[in-house]
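Enquirer: Would you mind keeping the following structure in view while I ask a few things?
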Amino acid sequence: MSATPDTIIGIDLGTTYSLVAVPGPGGPRVLRDANGDARVPSVVTLREVAGAGIQAEVGWAARGGIVRTAGATVHSVKRLIGRSMADVQAELPFLAYPVRSGPRDTLQVELVGRAFTPQELSAFVLRALRERATQALGHDVRRAVITVPAYFDDVQRQATRQAAELAGLEVARIINEPTAAALAYGIGLRTAGRGRPHTAVVYDLGGGTFDVSILRIEGDVFEVLATAGDTHLGGDDFDLLLMRRLASADATASALDAADPLIRAALREAAEAAKVRLSDADATDVELRLPGSGVLQMRVSRAELEALCNPLVDRTLAHCDAALRDADLTTADLDEVVLVGGSTRMPLVRRRVEQHFGRRPYTALNPDEVVALGAAMQAAVLSGGSSDLLLLDVTPLSLGIETMGGAVGKLILRNTTIPCRAVENFTTFVDGQTAILVSVLQGERELAADCRELARFELRGIPPMPAGIPKVEVEFLIDANGILNVSARELRSGRSAGVQVLPTRGLTDDEVRQIVAEGDRHARTDALAHRLIDLCNQVDFDTQKAVQMLDRHGDRLVPAERARIEREMSSLRSLAADARRDPQSVDPDALHRALTDFGHGTLRLAEIGIQAALADATK
Ligand code: AMP
């Protein structure tokens, strides 16, 4: 579907960040700023402009000015919307602005000498999101699907609706955040109208809050069976723990005045940045220069961070158990686990959640964007009755990985019924190779360059071994929701790594047809190209082995035989080099014959090598 003037947009109106997404061909997309960031901080700074009334600044600019513009800036308004003074007593210490009671048990915030309702303040954020969508779509936007936490009561939902209306948006539907997250993965869409009901748990760990929801999905009805959580538990707490660790472990830092707000802010920022880096690295260096206080320098490992954060993750899992108990379920009843929120990028969180629920959680989508994407998915359903997703019972295109020399090793062929699984073993091509890059490809062509790369990841930490010895098992697993899990495992060391992707996201029916037609058109030339690559790889492998063997045992050959092998090797290598430079110039059958002849010609050398290896082994 193209963006027509009645496009309904999807809005994730968050406590800290808000996002907007729009339906589009091949699925929804979030709208980003010039820096590629989809998140708009839910922070508003107001200014009274003479003659022009109140002007609002929303997002990064307002957030950056929180300290500077005290008395004019609000954040976390979502904690106030639809609440009374009695409801928010526990919140007040966390808010950097005064809140007072308004008429009929409502709340008010006084800014720039005027009283604002939470709805009015939220409307500034919503207006900024609407404006972003208007800019991106090139036409005015009037309707939106807006998400709210599953635990929001009717008053909070109604107040959110009012905020949207103040921003000039008609609310096409209010949906629960966990429902949106499930929808973003296509959960429920594929089975709508058929199949058994299923149960999903949505684990949402953000910067400041933790929510868990248990959903029961039957057809297109999403019922929230239970919710639990902690409104003050999240990534900020991880930062705080790491910050204390930094301050206590380093002499310079211990001497710092941790009560000084500037030093605190700098320490906190350094801790958060280190935490984020440790989601990818095993260790990281923290270096913090403070004017007049020297330099704090420290190395932190992921294991240390995990030891610090583990008790907090325990607390989230205890909430999960409570929610399961409320829903009268056990982990065995769950069909899907969905991760939402920036803090679920932490490997510790992913690992513990996987262990706790006994199944791999869904991580294919950006955890910051998944709720907005789901809202746009619902918007697409409401505007056209279509989800804009390829929801198929078969894989529309083949899936595989890039193999040596740029060929494609297909693991799952197109039109395979899902769910399905395929496993294949691969090995290394270079002696002592300790890492393998796995590029996950989709398409019908034979060369990686002609396929769509869905994802890539690295399997690291393979113990150094001669080429061909490591056994790397690559597994492709597509579940009933069409989500692809790819994992690679080196069998001797047990090292593994993996990635999850939504293979049909971003593809339309027409594109699939086009890709298949292209594949058919190039079938013959592609097959030849693939064969040449395989042959060239074999030439590399065989000649490399022959060189090693000549080095070790060449002195046991008569000089003429050694010279012949070297001559044949060099002509075989130059044939392979020609084939790589200009595939048209070399007949694959001729290369195959040359390779076979080379094998025969080095038989005696190989025998000598085997005898020597056996003799070594018996010694
Ligand atoms: P959210 O409220 O969902 O935007 O989540 C924000 C929280 O996620 C903050 O505490 C961030 O520090 C944290 N976060 C974002 N990216 C990462 C990452 N790669 N590793 C660990 N935490 C992250």
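The values are calculated or read from the model by the stated rules, or taken from the named source; none is laboratory data. Keep in mind the model is a prediction, meaning the values are calculated, not measured. For neighbour counting, all protein chains shown are included, and Cβ atoms are generated from backbone atoms with ideal geometry for every residue, glycine included. These area figures cover heavy atoms from the full protein model, side chains too; ligands, DNA and RNA do not enter into them. Shrake-Rupley method; radii C 1.70, N 1.55, O 1.52, S 1.80 Å.
Enquirer: Checking GLY51 against (1) within 30 Å of MET377 (Cα to Cα); (2) out of contact with any strand residue (DSSP E or B) (no Cβ under 9 Å at 6 or more places or on another chain), which test does it fail?
Expert: It fails just one condition, (1).
Enquirer: Could you please find all residues in segment 295-319 being within 22 Å of the chain's Cα centre (by Cα), aliphatic (A, V, I, L, M) and within 13 Å of the ligand (Cβ to nearest atom)?
Expert: Hits for segment 295-319 are LEU305, VAL313.
Enquirer: How many residues are away from the ligand (no atom under 15 Å from the Cβ) and open to solvent by 40 Å² or more (accessible area, probe 1.4 Å) if we restrict to segment 34-53?
Expert: Restricting attention to segment 34-53, the residues satisfying the condition of being away from the ligand (no atom under 15 Å from the Cβ) are 34-35, 44-53.
Next cut, open to solvent by 40 Å² or more (accessible area, probe 1.4 Å) only: 34-35, 47-52.
The total comes to 8.
Enquirer: Considering only segment 124-144, how many residues are surrounded by fewer than 19 Cβ atoms within 10 Å (Cβ to Cβ) and in contact with a Lys or Arg (Cβ under 7 Å, 6 or more places away or on another chain)?
Expert: The number of residues fulfilling the criteria is 0.
Enquirer: Please enumerate the residues belonging to segment 329-351 that are free of Cβ contacts under 8 Å to residues at least 60 places away in the same chain and away from the ligand (no atom under 14 Å from the Cβ). Walk me through it before giving the result.
Expert: Restricting attention to segment 329-351, the residues satisfying the condition of being free of Cβ contacts under 8 Å to residues at least 60 places away in the same chain are 330-332, 348, 350-351.
Answer for segment 329-351, where residues must be free of Cβ contacts under 8 Å to residues at least 60 places away in the same chain and away from the ligand (no atom under 14 Å from the Cβ): THR330, THR331, ALA332.
Enquirer: Residues of segment 470-499 being at pLDDT 90 or above and among the hydrophobic types (A, V, I, L, M, F, W, C), which ones?
Expert: VAL472, VAL474, PHE476, LEU477, ILE478, ILE483, LEU484, VAL486, ALA488, LEU491, ALA497, VAL499
Enquirer: Among the residues of segment 435-445, is any farther than 26 Å from LEU535 by Cα, assigned by TED's automatic domain parsing to the domain that holds LEU399 and touching a strand residue (DSSP E or B) at 6+ places or on another chain (Cβ under 6 Å)?
Expert: no
Enquirer: Among (1) in contact with a strand residue (DSSP E or B) (Cβ under 6 Å, 6 or more places away or on another chain); (2) modelled with pLDDT under 95; (3) surrounded by fewer than 23 Cβ atoms within 10 Å (Cβ to Cβ), there is one condition TYR185 misses while meeting the rest; what is its number?
Expert: Of (1) in contact with a strand residue (DSSP E or B) (Cβ under 6 Å, 6 or more places away or on another chain); (2) modelled with pLDDT under 95; (3) surrounded by fewer than 23 Cβ atoms within 10 Å (Cβ to Cβ), only one is false for TYR185: (3).
Enquirer: Hey, can you tell me all the residues within segment 21-31 that are open to solvent by 10 Å² or more (accessible area, probe 1.4 Å) and within 16 Å of the ligand (Cβ to nearest atom)?
Expert: The one that is open to solvent by 10 Å² or more (accessible area, probe 1.4 Å) and within 16 Å of the ligand (Cβ to nearest atom): VAL30.
Enquirer: Conditions first: (1) within 16 Å of the ligand (Cβ to nearest atom); (2) in a helix (DSSP H, G or I); (3) modelled with pLDDT of 95 or more. ALA322 passes all but one, so which condition is the exception?
Expert: (1)
Enquirer: Kindly evaluate SER84 against the criterion of being of a type in the set (Ser, Thr, Tyr) and not in a loop (DSSP other than H, G, I, E, B).
Expert: So SER84 fails the test.
Enquirer: Would you mind stating whether SER18 is in contact (Cβ under 8 Å) with a residue 24 or more places away in the chain, within 16 Å of the ligand (Cβ to nearest atom) and buried (at least 22 other Cβ atoms within 10 Å of the Cβ)?
Expert: Yes; evaluated as a whole, the condition is true for this residue.
Enquirer: Quick one: in segment 352-367, which of the residues that are open to solvent by 50 Å² or more (accessible area, probe 1.4 Å) and within 21 Å of PRO311 (Cα to Cα) is farthest from the ligand (Cβ to nearest atom)?
Expert: Residue satisfying both the conditions and the ranking: GLY358.
Enquirer: So which residues in segment 196-216 are surrounded by fewer than 24 Cβ atoms within 10 Å (Cβ to Cβ) and away from the ligand (no atom under 16 Å from the Cβ)?
Expert: ARG196, PRO197, HIS198, THR199, ARG216
Enquirer: Does any residue of segment 306-322 turn out to be open to solvent by less than 70 Å² (accessible area, probe 1.4 Å), among the polar types (S, T, N, Q) and under 14 Å from ALA228 (Cβ atoms)?
Expert: Yes, segment 306-322 contains a residue that is open to solvent by less than 70 Å² (accessible area, probe 1.4 Å), among the polar types (S, T, N, Q) and under 14 Å from ALA228 (Cβ atoms).
Enquirer: I would also like to ask the following. Which condition number in (1) more than 49 Å from the chain's Cα centre (by Cα); (2) surrounded by fewer than 13 Cβ atoms within 10 Å (Cβ to Cβ) is the one that ARG564 fails?
Expert: ARG564 satisfies every listed condition except (2).
Enquirer: Scan segment 27-45 and report the pairs whose first residue is within 30 Å of ARG114 (Cβ to Cβ) and outside any strand (DSSP E or B) and whose second residue is of a type in the set (A, V, I, L, M) and more than 11 Å from the ligand (Cβ to nearest atom), with Cβ atoms within less than 6 Å and a gap of 6+ or a chain change.
Expert: Cβ pairs passing all conditions: SER42/VAL125; VAL43/ALA62.
Enquirer: From (1) exposed (fewer than 15 other Cβ atoms within 10 Å of the Cβ); (2) in contact with a helix residue (DSSP H, G or I) (Cβ under 6 Å, 6 or more places away or on another chain); (3) within 28 Å of ALA613 (Cα to Cα), pick out the condition that doesn't hold for THR543.
Expert: Result: THR543 passes all but (1).
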